[in-house]
Amino acid sequence: MTAPAVDALLLLLDAPLMAFGVPVIDQNGVTGRFPGVAQVAGLLGNALGWRHADTAPLQRLQERVRLAAAIMRNGTPMRDFQTVDLSQPHLVGTGWTTRGRRQDRGGGEATSGTHIRYRWYRAGEAIMVALRLDAPEERPTLADLEAALDEPFRPLFIGRKACLPAAPLLVRRCRAASLADALALGVAERQATMRKAGVHGPEAPEFTDAEWPEDEPGFPTTGDNFDRGVVYDRRDWRNQLHGGERRVRRGRIRLKEPQP
């Protein structure tokens, strides 16, 4: 019996700098290789005009999002060194948020002295994402997300506020046999566009690295170049804490030609 086709959105993440949140250890803010489900849910919520306080809809959207991603152009890792002396007179005690609200610090040792942070980014990368929703009739629907990405409520960023996209994120909406086929279709169409524009090389590989949900059909499930893994890319939106795992597969996939 043939599985029913799925509706999906194709997104192209292309920016001078991108960051994909993973568990942080001490002062090291490392980045993952692929976008996480909490990050994508937050990005979509931002496009819809939701706030951090809208925890219930954000949590539900995160539960519904299914995504696969493939590298279109390999970037390079970049580390940003950040330091601040919190003992400076104008930084002691009270701070202000970007929303104009006062934010008081506690009384622990972390409220003073020099703080050092390392923040990692991917520089010059491009990633194709195929996204579908469980319970597709529930609001927001894929059509709602498509409209929001086409005309977002706020400026969008890819991971951190400094990571502004180089172009609109939305490629198009498509219908395919599976999430895998939707992703392969998006990559192949992008390659055709680049070749037509006379661009060859990094964005026209025959094979590319990809990540997809372990239980999604359509991708090869055997072979030495594929592996299973667990990513910790979920979020407890009510308590504003990262937590929760997701099982994925990663590997090099052979790209398909777009179907007419």
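The values are calculated or read from the model by the stated rules, or taken from the named source; none is laboratory data. This is a predicted model, so every value here is computed, not measured. Cβ sites come from the backbone with ideal geometry, for glycine too, and all protein chains shown count toward neighbours.
Quick look at the numbers
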| item | result |
| --- | --- |
| Subset of the stretch 119-143 that is touching a residue at least 12 places away in the same chain (Cβ under 8 Å) and among the charged types (D, E, K, R) - its residue that is nearest to residue 66 (Cα to Cα) | 132 |
| Test: residue in the stretch 164-173 that is more than 19 Å from residue 39 (Cβ to Cβ), touching a helix residue (DSSP H, G or I) at 6+ places or on another chain (Cβ under 9 Å) and touching a residue at least 12 places away in the same chain (Cβ under 8 Å) | yes |
| The stretch 4-21, subset assigned to a loop (DSSP other than H, G, I, E, B) and out of contact with any Ser or Thr (no Cβ under 7 Å at 6 or more places or on another chain), residue modelled with the highest pLDDT | 5 |
| So residue 36, is it crowded, with 18+ Cβ neighbours inside 10 Å, within 25 Å of residue 143 (Cβ to Cβ) and at pLDDT 95 or above | no |
| Residue within the stretch 218-233 that is of a type outside the set (Phe, Trp, Tyr), assigned to a loop (DSSP other than H, G, I, E, B) and at pLDDT 75 or above present | yes |
